[in-house]
Structures are given as C-alpha cells and as structure tokens.
Amino acid sequence: MSFDSFLGNEKAVRTVRDMLARGRVPGSMLFTGPEGVGKKTLAMMLSKALNCAEPGAEGSDFCGECDRCRRADDFLASGAEDAARRREIKDAHRRVEGLVYFDIQLIEPLTRYILIEQIRQLRATAYNQPFHLPRRVFIIDQAQAIHWQAADLLLKVLEEPPATTTLILICPQAYELRSTIRSRCFTLQFAPVEETVIERILGEERGFTKPQQALAARVVQGSIARAQTFDLNDFLLRRKPWLDFLDLVARPRSRPLAPGEWKTLFDTTKSLVTDSGGAEQTLKVGSGILQDLMQVIEEEKSPRVTHVDLVPRLKAWSQALGMAGIEKLAAGIEDIYRQQIRNANQQLSLDSLASNLLSSATGP
Ligand SMILES: [Zn+2]
C-alpha cells in the first residue's frame, strides 16, 4: 500500500505528502469536501504514514506492511467494530460506558451526535503517551455532528494538541462547523473526483461499457463511493416511465395525442406513482431529467447534461415544452410527490398535469 493507490484529489494528496516530507504535519486538521471522495481514506492513510517504519525515501509515504502499519489497521478495524456494537445498545448511557481509545482511533457519531463522553475520552487519552505507536491519531468523522456541549471541550485540544497527537476532523461542508473550531485547524479541501477517474473505476471495478461509464459518471457526480455502488439497472428501470411520459406530453401542438395514446399515458403515470419503496429515487431521476431539459435550453451549443445518452430526445422535448412548460412540469411533479404524505390521489394529479401540458403545447 502507498499513497499512490489513492484515487483522485491529487492536490490534497500532494499537500499531505509535502507536509510529511518536511516533518511538519499540523496537529489539528480539517478534511472537507463532497461525500464519497476519500476524505476518510486519506485520513487513515495519513495515520499510517505518521507511524510507518518504512515511509519511503522522502519519508512521505507508508508501506502498509510493517508492524506499525498493521497495528494501525487493527486499531481502525477494532474501533469500527466497537462503534457498530455500541450503536446497537438502546440505553444511551450504557452506549458510552467504558470507552477505550486506541493509538489510532476513528471517532464517529454513536447517536445523531458525537457525544460529550466521546470527546471527554479523546481528551483524557490525548494527553497520555501513545501505547504502541510513536504518534496517536484521532480521526473524527462527521465532525458536524459533534454535540454542542462537546465542542468547547474539543476546542481546548485543537488549540494546543499534545506533541504526540494529531487530530483530523472530517466534514462535508466546513461552514457546518463553528468558526472557532474551523479557525484552529489546517483545512485541506477535497474536490469532486474527475470524471476520467470515475469512469476508470466504473470500467475496471464494475465492468461498465463506455456508454454506461459516461452516463454513470455524470449521475454519481464525482463520488467514488457512489461509483462503487451505483445500480445502473435500477436507475434505468426508474428512468423508463419518465421517458415514456415525456414522449407523450412533450410534443408539438401539431401532433396531439391519438385516442389510444391516452391509455398509454395513464399507464405511464400509474407506473410513476405506484412505485412503492423507492418513490424518492424515482422522483430524483425525474428531477434530473428536468434539470437536463433546462440545461439544454440555456446552453444550446454544448449543454452539460446528466443523461448523456438522451441528448437528441432532450432537445426535442425541451423544444416542445419550452421553459414555461418545463417549469410547470417541475412544480407539478414536486407537488405530486409531496402529496404522498397526505395519501392524495397522485395519479389523478399527474394525469391532470399531463393534460394541462398537452393543452398548452407550444410550437408548430
Ligand atoms: Zn509501514
């Protein structure tokens, strides 16, 4: 293992390696940026590099094989196991009973929050010498979930971390943290992973074809984690009724629906609203298509769309609907999915939205 195996965010990796080479890794750091781009992975790699017995010629890497690297892996695995076990405990007090922190420790929310006891334990441990490794590293994942009562306790450690301790906070949006916490940390900003890297993962790890890679890379929006779990078949199944729906409602005035097509339209609206269990995802796919339609109107020459395989159809639909029609559709669909909570007749609403669009069709 080595930093070379880290995918994407080359600038962040370079910064970390530079600091390691100069022997100047800040005691308090904040890794921030979108979900699924490897913030936690890089923090865990850094925790090894800070301890590795074979850190490479420049002292800026880790081997993944020496006793210390292995020990770090064991600590991380044991910490994750312990957290999973604790999350199962119903009684809130017993959940934090007898916390023990290893030299390398991943700290995650045990409830909705990272609790005051967790930060108290961090403090108590941080001021002692590490037991097995030269450096102690605490990685606090989802730092935005630190309970407000615990924030003050943490501040004091962040302000002056003990010489043998490194703290790494992880959080998607830096502004979600108090400015007092932020200002005490060296911030390392992560970016969405480049599409070429995502496409490579989709090809190599998932066996996607080139066209599938192009579509999926847009859908997962630079997240390696999402690329690794993206269910293309499910996505296409959810998308299909939207395409049928648009084929029927987004048409020029000169081509009104034939009587038989109304039946098809009602079948389509039915399949869009009867999807139990995944209504949220179906809606998300639909809104994605609507965004593409707007994009096609706004950026006529080279629209950057998610549904890259549908460009000619997107163009035809957006032309037929016009911006007003697209906006009407977007608002209508939002409403219909909101009605779900009230058990209203969603299909009826979708049907009337469809006929409304058809009667106000623009164009020749
Ligand atoms: Zn090593």
Discussion item. Against the conditions (1) in contact (Cβ under 8 Å) with a residue 40 or more places away in the chain; (2) away from the ligand (no atom under 16 Å from the Cβ), where does Ala49 fall short? Just the number, please.
Written reply: (2)
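Is it fair to say Asp103 is within 16 Å of the ligand (Cβ to nearest atom) and crowded, with 19+ Cβ neighbours inside 10 Å? Break it down stepwise before answering.
Values: within 16 Å of the ligand (Cβ to nearest atom): yes; crowded, with 19+ Cβ neighbours inside 10 Å: yes.
Answer is yes for this residue.
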Practice prompt. Mind telling me which of the residues Asp74, Asp67 ends up being farther than 23 Å from Arg17 by Cβ and within 14 Å of the ligand (Cβ to nearest atom)?
Written response: Asp74
Discussion item. For segment 126-158, which positions are among the basic types (Lys, Arg) and touching a strand residue (DSSP E or B) at 6+ places or on another chain (Cβ under 7 Å)?
Written reply: Arg135, Arg136
Worksheet item: Pick from segment 320-351 the residues that are surrounded by fewer than 16 Cβ atoms within 10 Å (Cβ to Cβ) and at pLDDT 85 or above: which of them is farthest from the chain's Cα centre (by Cα)?
Response: Ala324
Discussion item. If I ask for residues that are of a type in the set (Asp, Glu) and either crowded, with 16+ Cβ neighbours inside 10 Å or not in a loop (DSSP other than H, G, I, E, B) (or both), which ones from segment 209-237 would you list?
Written reply: Asp234
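Kindly indicate whether Thr111 is out of contact with any helix residue (DSSP H, G or I) (no Cβ under 9 Å at 6 or more places or on another chain) and within 16 Å of Ala150 (Cα to Cα).
In short, no.
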Item to complete: Find the residue count for segment 173-199, including only residues that are under 21 Å from Arg14 (Cα atoms) and either assigned to a loop (DSSP other than H, G, I, E, B) or without any contact (Cβ under 8 Å) to a residue 24 or more places away in the chain (or both).
Response: 7
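Return the residue satisfying two criteria in turn: it lies in segment 250-283 and is of a type in the set (Ser, Thr, Tyr) and in contact (Cβ under 8 Å) with a residue 12 or more places away in the chain, and of such residues it is nearest to Ser360 (Cα to Cα).
Let us first name the residues in segment 250-283 that are of a type in the set (Ser, Thr, Tyr), namely 254, 264, 268-269, 271, 274, 276, 282.
After this cut, where a residue has to be in contact (Cβ under 8 Å) with a residue 12 or more places away in the chain as well, the list is 254, 264, 268-269, 271, 274, 282.
Working: Ser254: 12, Thr264: 20, Thr268: 20, Thr269: 19, Ser271: 24, Thr274: 27, Thr282: 26 Å.
Once the filter is applied, the top-ranked residue is Ser254.
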Worksheet item: Just for helices (runs of 4 or more DSSP H) wholly inside segment 1-116: which have at least 2 residues that are among the aliphatic types (A, V, I, L, M)?
Response: 10-21, 39-49, 67-88
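The values are calculated or read from the model by the stated rules, or taken from the named source; none is laboratory data. Since this is a predicted model, take the numbers as computed values, not measurements. Positions of Cβ are generated from backbone atoms using ideal geometry, with glycine treated the same way; all protein chains shown enter the neighbour counts.
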